[in-house]
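See below for the structure under consideration.
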Amino acid sequence: MPVWHEATAPWRADGRLVVVGVVQEQHRERCRLYAQWRGFDWPILWDPLNLTGARAVPSFLGIDEHGVVRWNAPRPDGFAERFLDVEFDPPAGGNAVAPPPVSRTLLADPARGGMLGPVHAAHARLLWGGPAELDGAIAVLEDDLDDPLRDPRAWFRLGVAYRLRVDSPARRPGDFQRALDAWGRALARDPDQYVWRRRIQQYGPRLDKPYPFYGWVAEARAAIAARGETPVELTVPLTGSERAGAPPPAEADPAPAVEPDPEGRVRRDPADWLVVETAVARDTGGERGGARVHVTLRPREGAGRAWNNEGEPLTLWVDAPEGWTASPRLVVAPGAAAATSREARTLDFEVAGPPGARAELGAHALYSVCEEETGRCTYVRRDLRLAVDLAAP
Amino acid sequence: MLAALVLALVPGLPQEAVVAKPARPRVGRGLGEVHPDLELPRIDATPGAGDDGAGTLRLSALRGRKVLLIEFASW
């Protein structure tokens, strides 16, 4: 990508070429940060739903002045001679093209588009409608799956919709697992679809990662700041899984973590002040018996409690049953900048067990919360049972 | 919806005959073919430009220009 950005700079500057990017990612602000870091000044389009049908990235197409594809997988060497400097003939059959099935205009006119109009309109609501449109769009896509003729793209796109809702104020319990399960169903029917596979691997175990998905973020933010710019803010915090790469060599394993509160002396949360939700991202590579467990905690509505960011950080300790391992066993979540806050916090860790097996892991969370009415803060413990199912849904 | 109609009209049609439909391949991407039109939200990476996702770009609006279309991810 940076190679093409540099190679095309003079052609973009003299107007001979337009570069258009299409990003196959769930979170558009992460691509904004990447583009800011790399200095990409050409238009980039956000395609979380994989509407283009791309099966792997990156891919490159040279499209001529008539809209005709002339070069698949071009190379910078010879690009000017073989493409830019050539005056292509218009196609014999004309170059008329149907309007795109998914368009922003569907927000105002959802009935347009024939039989698939409601589904396309739902896609438009996901892309342009914001959080207020998520429930309605998801209801349409769920209903659409009543049709057994639906191809796996419908499952993938429903998964994207659930994950969009996870990252919005409209979040519902279970959405993250629903997203992972929907993506898993899509991939099971089309295992060579690598855009879909990466969406699961982003949240999955290290043994299934081809590379660290967002390991570049810290370097990018530092480089942007060094230029005197303000880095694009990531509205959805990165999970540990998204920063992690392939498993480290065994000799690089850190010293064993020490269990906080091993004797259970910290006072128990008396009223479930937090909502706890678990999602399991399984290995997409088959029956290797690995998964990444994501535990999300957030202050419960009506409990009158908020995170105390000036107190002890939120920690999660995990105990694996016989025949299973958990790593790391101690996970710590950073606090927010404000003195108190109410955001969802996700901690994640690896599990390994017999392929296809189920288990219940013991765990406990320690956290400091403040009563919103009085400002009185308390450090408490919540004991948890985390169900992990390594079998495909 | 469509499947329900098919099943209703063709009694005895085995379920597996309609369930195992593979993903359709990408269309219109072959050399010498007109690229299908496409409309998606535009990401603006210009510092301070803001990004409410409201902007769009339609591929057909670029007719008359040579285009390098790059599909990518930030990882």
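Some notes on this structure:
- Residue-count net charge about A:ARG298 - beta-carbon cut-off 11 Å; Lys, Arg +1, Asp, Glu -1: +2
- Scoring A:168-176, A:370-378 by mean Cβ neighbours within 10 Å over their residues and listing the highest first yields A:168-176, A:370-378.
- Taken residue by residue and averaged, Cβ atoms of other chains lying within 10 Å of the Cβ of A:208-215 number 1.
- A straight line joining the Cα centroids of the range A:179-216 and the range A:8-76 runs 22 Å.
- Computed from label points 7 Å out along Cα-Cβ, the spacing between A:ARG358 and A:GLU219 is 4.3 nm.
- With helices as the sole contributors, chain A gives -7000 deg cm²/dmol at 222 nm; each DSSP H run of n ≥ 4 counts as -39500 (n - 2.57), and the sum is divided by every residue.
- Computed over neighbours whose Cβ is under 14 Å from that of A:GLY21, the net charge equals +1, Lys and Arg +1, Asp and Glu -1.
- Taking one quarter of the surface of the convex hull spanned by the alpha-carbon atoms of chain A gives a direction-averaged projected area of 24.4 nm².
- Here chain A exposes an accessible surface that is 51 percent carbon and sulfur, computed with a 1.4 Å probe and the other protein chains kept in place.
- Listed residues A:PRO91, A:PRO354, A:PRO328, most fluctuating in chain A (Gaussian network, C-alpha, under 10 Å): A:PRO91
- Heavy-atom accessible surface of the range A:104-201, averaged per residue, reaches 39 Å², computed with a 1.4 Å probe.
- Acute angle (nearest 10 degrees) that the helix A:134-144 long axis makes with the longest principal axis of chain A, alpha-carbon atoms: 70 degrees
- Where A meets B: accessible area buried, both sides, 1.4 Å probe, Å²: 6400 Å²
- Highest average first, the peptides A:205-212, A:130-137, A:77-84 ordered by how many other beta carbon atoms sit within 10 Å of their residues are A:205-212, A:130-137, A:77-84.
- Shielding of peptide A:97-106 by partners, expressed as the average count of other chain Cβ atoms within 10 Å per residue Cβ, is 5.
- Inter-chain Cβ neighbour count for A:48-54, averaged per residue, equals 4 (cutoff 10 Å, partner chain atoms only).
- The listed peptides A:214-225, A:272-283, B:59-70, A:20-31, ordered by packing as a protection proxy, come out as A:20-31, A:272-283, B:59-70, A:214-225 (highest mean of other Cβ atoms within 10 Å first).
- Förster radius 56 Å - calculated FRET efficiency between A:GLU372 and A:GLU81, Cβ distance, rounded to 0.05: 0.25
- Restricting the calculation to Cα atoms, the range A:2-84 shows an Rg/Rh of 0.96 when the hydrodynamic-style radius is the Kirkwood one.
- Remark on chain A: A:CYS31 stand apart, with no other cysteine beta carbon under 4.7 Å.
- Taking all protein chains into account, the per residue accessible area for the range A:252-389 stands at 48 Å² (1.4 Å probe).
The values are calculated or read from the model by the stated rules, or taken from the named source; none is laboratory data. Computed from a predicted model, the values in this text were never measured in an experiment. No Cβ is skipped: glycine too gets one built from the backbone with ideal geometry, and neighbour counts run over all protein chains shown. Accessible surface is based on the protein model in full, side chains and every heavy atom, while ligands, DNA and RNA are left aside. Shrake-Rupley method; radii C 1.70, N 1.55, O 1.52, S 1.80 Å.
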